[in-house]
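These notes concern the structure reproduced below.
The values are calculated or read from the model by the stated rules, or taken from the named source; none is laboratory data. These numbers come from a predicted model, not from an experiment. Cβ: placed from backbone, ideal geometry, glycine included. Neighbour counts: every protein chain shown. All accessible areas refer to the heavy atoms of the entire protein, side chains included, with ligands and DNA or RNA removed. Shrake-Rupley method; radii C 1.70, N 1.55, O 1.52, S 1.80 Å.
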Amino acid sequence: MKAEIARRTVETKTRPSDKSGIDRPENLGKPQMKWGSDVVAEVTRRLDLKYIALVPGASYRGFHDSIVNYLGNSNPQMVICLHEEHAVSIADGYGKVTEQPMAVALHANVGLMHASMPIFNAWCDRTPMIIFGATGPVDAHRRRPWIDWIHTAKDQAAIVRDYTKWDDQPASPQAAVESVLRANQITRSAPYGPVYICLDAGLQEAPLTDEVLIPDAARFAPAPSPAVPHASVLKALRAIDKAKFPLILMGRVSRKQADWDRRVRFAEAIGAAVLTSSNDPSAFPTTHALHFAAPCLRPSKAATALIEKADLIISLDWLDLAGVFRLSLGTAQTQIPADKTIIHCSVDSIRTNGWSMDHQALAAVDVPVFADPDSFVAQMLDELDAKKTPKVKARTEMKGIAHWNAAPLAASSPGRGEPMSLWDMAMTMREFAKKRAVTFARLPIGWPGEAYEFDGPLSFMGNDGGGAVGTGPGHTIGAALALKDTGRLTIGVLGDGDYLMGVSALWTASHLEIPVMIVVADNRSYFNDEMHQERVAQMRNRPAQNRWIGQRIDDPRVDLVAMARAQGFESEAPVTTAEALAKALKRGAEIVAKGGRYFIDSVIKPGYADSGPDQRAGDGKKN
Ligand SMILES: Cc1ncc(C[n+]2csc(CCOP(=O)(O)OP(=O)(O)O)c2C)c(N)n1
Ligand SMILES: [Mg+2]
C-alpha cells in the first residue's frame, strides 16, 4: 500500500519557473468540461468572481481540481488561507470594499464549523459572499470507510442556515447550474448576505453522462432594488419642509463615490445635520460643517444633544434606530416612540429571521421607505431639482452648535519617551492619514471618534458587525486585496487580542503579494473585558483592582513582531511613543507603496479614549 502511494506521488513545484504569476498551473492543454465539479466551476467562472478563498479538503477535491486544472486557477483565483475563519473574513473584507461577492470553499462539516463565526459576522455586515462547501458522498455505498462517514452530515447547511440568506445541495450537475445562478442572484440582492452551496462529493467526482447546458448568466442577474413610490418621496419632502431641525442618521450606505456625492448634496440641499456611526463604513465627510458631532457607536454627549434637538430624523438604514433613541433620550423601553417625526429608509426587514436578533429593536416610524437608501437620496434630489428648491443656507436652529473638529486636536505626549495612550496613538494615525489616500480596513474598540476624519467612501470599512474578535486580520487583508491596484494604502488597526486570534491570516497576504499595513494597538490585554470586570466588581462592591485577571495577554509577553515577520511581513522593534509611531508609519508606507507588507507593534497604556484625553479610562495598572 505504501509503495503504491509513493508511486502515485508526483513531483510538484510551488511556483512556476516563469514567475508570471502566483500559483499558475502547468500543462493544462485544452481542458474539457467532463466532470460534475467542472460544471460548478464553469458557472462560477461566468459570474465574474475574481477570487475563491479556501482551506483545502478532500470533500471538495473534485471542485478543487476543476478550479486548478479546468479553470486554470483564474477567475476565480485561489486565495489559500491557514484557517477557514480567515477565508471567510478575507471574503468579508473584500466584499465590504467592492460590494461584490468573493467565493469561498470550505471543507465538509469541520471546515464549515471553523468558518461559522465569520459567516455570522458577514451576515451582520450585510456582505455578499458565495460559499461552496461539500459533504458525502451522499450515496453511502460510495463512501470511503471512516473519513467520509465522519465528514458527511445530513443537512450540513443547518450549521449556518440561521445566518445565511439561502442554502442548497444540488443533486445533479444540471441542478448545480441553477443553484449557482440562484446563489449569485440572492447574495447580490440587497440586503446582501452570504449564501451556502453544499456540493455532494459524489456529484463532484462523477463523470458527465449528459450534455449540460449553461445559459447566459446575464439573464439571471439580480433586479435593482425597489424604487420609492412617488407618494412616499412627496411625504418625506413635506416632513422635511415642516422640520425646524432635521437630522440624517447615515447608516449602511454604498461605497460608490457618486452616491457619496449625492448624500452630501442632499444634506446640504435640505440643511440637515448629519450623524455617522463608527460601526459602519464611512458614509459622509466627517469634517463637513453639517457633521457636528464626531462619529460614535453609542451616542456621545454631542450626538445625544443633536438627537434631542432634532424634530425630524431621516434614517438611511441606521443600524439600531430604536436603540439609539433609547440610549440618547433615556426612555425605559425601546418601543416608546421618540417624540419626533421619523423617516426610515431600509430594505433590511426582508432579511430578518427568528434566530438572530441582529435586526435590532423595532422602531416607530412615520414615513417607512422600503428602498435602497442611496436610491432614495437620488429620488429625493431629483424631486428637489425638479421643484428648483433653493439650497438651505443655514438653519437658525443650528447656529452656535460647536463642531467637533473646531478645536485643534493633538497627541498629548509626543516624544516624551513614555508609553502612548490610545488617544495619542489615534491622533498620530489621524495626522498620518490626513496626507494620504488611506483606507482604514478596521479600527479597534475604544478608538476615539475624534480620530475618524474621513473624506470618502473608502476611508473606512467599518468594524466587525457581529462583534467577532479574530476577524480583524482577515478583514484587513480582504480589503487590501480589493484595493490592490488603486494606489490606496490599506491599514488595519487592530487590538492585540484581535490580531493574535487571527494572526495566521497574514501569511495569505504575503503569499498573494498583497500590499498592506497592520498596526496593533498593543495594550497586552483583552482590555474591553477588563472594563466589564471592573464594572461588575464595582456593582458588587468587590475589589475592582482584580479586573486584569483572566484578561491580560502578558507573562510571557507575546512577540507580535516575530509573528508578523515569520509570515513574510517587514517590521521593526515595537514603538512606544507617538513620535516613534509617526516615523514607523512613514517607513511602513514607503514599503507598502512598493508592494510590500508592514507590521507595527504600537505599545500603548491600557485604557480607552472614547471622550478625549481627559476622560480616558484608568491607567489599568495591575494593582
Ligand atoms: C470571538 C469572540 N470572543 C470573545 C469576545 C469578547 N470580547 C469582546 S472585545 C474583547 C477584547 C478584544 O481585545 P483586543 O482586540 O486586544 O482589544 P482591546 O479590548 O484590548 O482594546 C473580547 C475578548 C468576542 N467579542 N468575540
Ligand atoms: Mg488589547
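Points worth noting:
- Å² of accessible area per residue within the chain, as computed with a 1.4 Å probe and no ligands counted: 44 Å²
- Counting only alpha carbon atoms, the long axis of helix 173-187 and the longest principal axis of the chain meet at about 10°.
- Projecting the Cα atoms of L384, P473, G492 onto the charge dipole of the range 360-506 (Cβ charges, centred on the Cα centre) puts L384 farthest toward the positive pole.
- Mean projection of the Cα convex hull over all viewing directions, computed for the range 357-456: 11.6 nm².
- Formal net charge of residues neighbouring T341 (Cβ-Cβ distance under 12 Å; K, R +1; D, E -1): +1
- From largest to smallest, the equivalent ellipsoid semi-axes obtained for the range 46-134 from the alpha-carbon gyration tensor read 19, 16, 9 Å.
- Enclosed volume per residue, in Å³, of the convex hull spanned by Cα atoms of the chain: 184 Å³
- Each principal axis of the range 503-574 carries a Cα extent, and these read 53, 20, 16 Å when sorted largest first.
- When the P(r) of the range 240-302 is calculated, the portion above 16 Å amounts to 42% of the C-alpha pairs.
- The Cβ shell under 15 Å around F292 holds other residues with a net charge of -1, Lys and Arg each +1, Asp and Glu each -1.
- Given charges at Cβ of Lys, Arg, Asp, Glu: the chain dipole, positive-most of S571, L49, V228: S571
- Taken as Cα centroids, the range 112-169 and the range 527-605 sit 35 Å apart, rounded to the nearest whole angstrom.
- Rounded to the nearest Hz, the phi-derived 3J(HN,Hα) couplings of the range 221-232 under the Karplus curve 6.51 cos²θ - 1.76 cosθ + 1.60 (θ = phi - 60°) are 6, x, 6, x, 4, x, 7, 7, x, 4, 4, 6, where x marks glycine and proline.
- Around R351: net Lys/Arg minus Asp/Glu count, Cβ-Cβ under 10 Å: 0
- Whole-number D in µm² s⁻¹ for the range 117-250, Kirkwood Cα-pair radius fed into Stokes-Einstein, 20 °C, 1.002 mPa s: 119 µm²/s
- The alpha carbons of the range 305-353 give a radius of gyration and a Dmax of 11.3, 34 Å, in that order.
- Accessible surface of the chain, 1.4 Å probe, proportion on carbon and sulfur as whole %: 53 percent
- The chain: angle of helix 84-98 to the longest principal axis, Cα-based, in degrees nearest 10: 60 degrees
- Lys, Arg +1 and Asp, Glu -1 on Cβ, resulting dipole of the chain about Cα centre, debye, nearest 20: 920 debye
- Relative to the longest principal axis of the Cα atoms of the chain, helix 257-270 runs at roughly 20 degrees.
- Ranked by solvent-accessible area (1.4 Å probe, protein heavy atoms only, all chains present), the residues S116, S282 order from largest to smallest as S116, S282.
- Cross-link pairs exceeding 19 Å between alpha carbons, from the set K244/K309; K256/K484; K391/K434; K340/K391; K50/K96: K391/K434; K340/K391.
- Net charge dipole size for the range 247-356 [Lys, Arg +1 and Asp, Glu -1 on Cβ; Debye, nearest 20]: 160 debye
- For the range 38-92, the fraction of C-alpha pairs farther apart than 14 angstrom is 51 percent.
- Förster radius 56 Å - calculated FRET efficiency between R142 and V392 (Cβ-Cβ, nearest 0.05): 0.20
- Scattering profile of the range 254-407 at q = 0.13, 0.16, 0.21 Å⁻¹ [log10 I(q)/I(0), Debye over alpha-carbon scatterers]: -0.63, -0.97, -1.67
- Globularity index of the range 185-252, i.e. its alpha-carbon radius of gyration over 2.2 N^0.38 Å: 2.08
- Nearest-20 debye value, the range 134-281 charge dipole, Cβ charges on Lys, Arg, Asp, Glu: 1000 debye
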